[in-house]
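Here is the structure we will look at, set down as structure tokens.
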């Protein structure tokens, strides 16, 4: 006879990803001539449940390498960027249980997709993609059978028997009178 039980366990109850695109400006000390490169380092982030939304706070450092003085010298300008995002994560099922945890993953690290000089300032665009999971208590219903599974007979390992037979065959084939010659 099959019976059912409910198990309370932690599971992913909501999951989603979002691409964020932001534009910012850096004002270098020396007037730039040409943008030579842009990279982003030190990306840190965390998330916290805030009502029906997830609040994400993070930061990263932007480094932009540029030429100046009519392309005769290069400089690097740096800026630390702080961000706060609020997102609604679609839930797989509504849970009456609480204690939801937020797990944030960087699916695509922040990258500078555009950097250009506008009126002596460097305007840049950064794109990043974050994956957000809500982990919470949920109930799982299982069915079980009270009857015990039958016991399986364990056979002797054939390789051990074959080794013993091979040893006996070798012992029988030894010619002791060979040593007397």
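The sole residue among 41, 117, 142 that is surrounded by fewer than 11 Cβ atoms within 10 Å (Cβ to Cβ), out of contact with any helix residue (DSSP H, G or I) (no Cβ under 7 Å at 6 or more places or on another chain) and assigned to a strand (DSSP E or B) is 142. Filtering 163, 179 for residues that are modelled with pLDDT under 75, surrounded by 10 or more Cβ atoms within 10 Å (Cβ to Cβ) and not in a loop (DSSP other than H, G, I, E, B) leaves a single hit, 163.
If the condition is being without any contact (Cβ under 8 Å) to a residue 40 or more places away in the chain and more than 30 Å from residue 36 (Cβ to Cβ), then segment 117-149 contributes 147, 148, 149. Here 64, 35, 13 are screened, and the one residue that is closer than 14 Å to residue 103 by Cα and surrounded by 16 or more Cβ atoms within 10 Å (Cβ to Cβ) is 13. Within segment 92-103, restricting attention to residues that are surrounded by fewer than 16 Cβ atoms within 10 Å (Cβ to Cβ) and either within 29 Å of residue 44 (Cα to Cα) or within 27 Å of the chain's Cα centre (by Cα) (or both), the residue that is modelled with the highest pLDDT is 103.
The values are calculated or read from the model by the stated rules, or taken from the named source; none is laboratory data. Quantities reported herein were computed from a predicted structural model and do not represent experimental measurements. Quick reminder, even Gly has a Cβ in these numbers, built from the backbone with ideal geometry, and neighbours come from all protein chains shown.
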